[in-house]
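Read through the structure below, which is laid out as structure tokens, and then see the notes.
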There are 2 protein chains.
Amino acid sequence: MTELPITARTRIHRLSERQAVERQTLMAILDEALIAHVAAVVDGVPVVLPFACARDGNALLLHGSTGAGLLRACAEAQPICVAVTHLDGLVVARSVFDNSMNYRSAVIFGIAQVLTGEDKEQALNRLVDHLLPGRTSEVRPSTAKELAATLVLRLPLDEVSVKIRAEPATTSPDDGENRRVWAGVLPIHQIAAAPVPTADVAELISVPRSVHAAARRFIANADASPADDQERP
Amino acid sequence: MTELPITARTRIHRLSERQAVERQTLMAILDEALIAHVAAVVDGVPVVLPFACARDGNALLLHGSTGAGLLRACAEAQPICVAVTHLDGLVVARSVFDNSMNYRSAVIFGIAQVLTGEDKEQALNRLVDHLLPGRTSEVRPSTAKELAATLVLRLPLDEVSVKIRAEPATTSPDDGENRRVWAGVLPIHQIAAAPVPTADVAELISVPRSVHAAARRFIANADASPADDQERP
């Protein structure tokens, strides 16, 4: 299945030309994501919190706060909604109204599974290796006690809407805008700075492969982003 | 009122030492934010979407999608929840379990007001000047037609929880971690790349003050972030 099925909930009505339906596009957005915003209904009221995330095949793994009743909502197999958003640029138009943002956004609807046993351990390893590629081979595995204190959710990617804006500033003809005013895009990227060792790391111990790999990923993402492509002659 | 009131919903139970109660801390988090994730309950199901945001006194202004029933929920004065999250670093620990993230997170509960008339126009200008400082003085004002097509929400900052992690990697004594393994933080920042003019900008027109000011803000934020501070001797 290479196209995302469009349901009543995932059909985008406003600026529908920005809806992307390629599953590959969704995968790229999720594979670049470090955090996702998870919303649930708790006592009739919406709650949204940030979670660490990693894609695992056709599902998104989520690891984060057990607070605010979100755990309870998930354990009771209630519907949740998860947003993954990459802000790629500020769009600078010649009118207040036409100012916008370039972004890639995925919104997932579904019911999450609370993972247990070996599934949980594997998912936790997948999360860590997503954030820090190869880190699980550099450190000891989780203990039973640690696993018991961990919550990992698995949300299938069955009902997802993807919306993308990757364009220059909009200029409508004859709408009174002053064409001598600069318009364009200010591209935004996430970057990694130099790694900072904890105080107890001996001087001879160098930054490991996993951290180099994580830092490289930010550079690769910035290189591949649509906003950056526009910059090149 | 310099402290945030703690309610049943805003009290953080898990890792409660990370709860911040200074109103000033909340303001700094919001003033650095470009987007917020807005959650509402629509037909009994949670929906979360990204919105552009700007703080205005003791409220957060939100501008974004009218889709997915969120507008309806807000117009009907239903409770919403808004999360603003800054990811400041990947925390690289000596065990899978202790890996973490450094972040600053604000979660706001409340009922949003749908702005109209002059309030709406002022709020839209405030949003634009937050993203691009001074931009409203460089371009023509909004037309009545444009304002009619715009949705701006105002959410009071009355019930907010703020959670911050700005620490090195956790190392518990005697938990089997190999101390010869590197541990630390990989700081993450948002940066702006060089502005990209649209095709119709004449060569003589230089990048305006508002865009320079927006770009400078990213640098200032990176300089002030806790993760970056650790880097300095």
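What follows is calculated from the coordinates using simple rules that are stated; it is not laboratory data. All of these numbers come straight from a predicted model, not from anything done at the bench. Don't worry about glycine lacking a Cβ; one is built from the backbone with ideal geometry, like all the others, and counts go over all protein chains shown.
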About its Cα centre, region A:107-233 carries a charge dipole, from +1 on Lys and Arg Cβ atoms and -1 on Asp and Glu Cβ atoms, whose size in debye to the nearest 20 is 220 debye
In debye to the nearest 20, the charge dipole size for chain B, taken about the Cα centre with +1 at each Lys and Arg Cβ and -1 at each Asp and Glu Cβ, equals 140 debye
Inter-copy distances for A:ARG216, nm, shortest first, label points 7 Å along Cα→Cβ, are 3.8
Copies of A:THR143 compared via label points 7 Å along Cα→Cβ give distances in nm, shortest first, of 6.9
Taking Cα pairs closer than 8 Å and at least 6 residues apart, the relative contact order of chain A in percent is 23 percent
Averaged over the residues of B:201-214, the number of partner chain Cβ atoms within 10 Å of each residue's own Cβ comes to 3
Inter-copy distances for A:LEU204, label 7 Å out on the Cα-Cβ vector, sorted ascending, nm, one decimal, are 6.7
Env charge @ B:LEU124, Cβ radius under 14 Å, K,R +1 / D,E -1, value -1
Output ordering of A:112-118, B:173-179 (per-residue mean of other Cβ within 10 Å, highest first) is A:112-118, B:173-179
Taking every residue of B:175-182, the Cβ atoms of other protein chains inside 10 Å of its Cβ average out to 5
About its Cα centre, the protein assembly as shown carries a charge dipole, from +1 on Lys and Arg Cβ atoms and -1 on Asp and Glu Cβ atoms, whose size in debye to the nearest 20 is 200 debye
Most fluctuating of A:LYS163, A:LYS145, A:LYS120 in the GNM of chain A (C-alpha, under 10 Å) is A:LYS145
Residues other than A:ARG11 with Cβ under 14 Å of its Cβ, Lys/Arg counted +1 and Asp/Glu -1, net out at +1
Taking the alpha-carbon centre of each part, the distance from region A:86-153 to region A:1-78 in Å is 10 Å
Each residue of A:129-136 has, on average, a number of other protein chain C-beta atoms within 10 Å of its C-beta equal to 3
Sorted by chain and number, the residues with a modelled amide H under 5 Å from that of B:ALA112, at a separation of 5 or more or across chains, are B:ILE80
So A:ALA220 and A:GLU203, fully extended at 0.36 nm per residue minus their Cα-Cα distance, gain in nm 3.2 nm
Of A:LEU132, A:LEU204, A:LEU147, the most mobile residue in a GNM of chain A (C-alpha springs, cutoff 10 Å) is A:LEU204
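Evaluate E = 1/(1 + (r/R0)^6) for A:ALA77 and A:GLN24, where r is the Cβ-Cβ distance and R0 equals 30 Å; express this FRET efficiency to the nearest 0.05.
E(calc), rounded to 0.05, equals 0.50.
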Between the residues B:LEU26, B:PHE97, B:VAL162, the Cα farthest towards the positive end of the dipole of region B:16-171, that dipole coming from +1 and -1 charges on the beta-carbon of Lys, Arg, Asp and Glu, is from B:PHE97
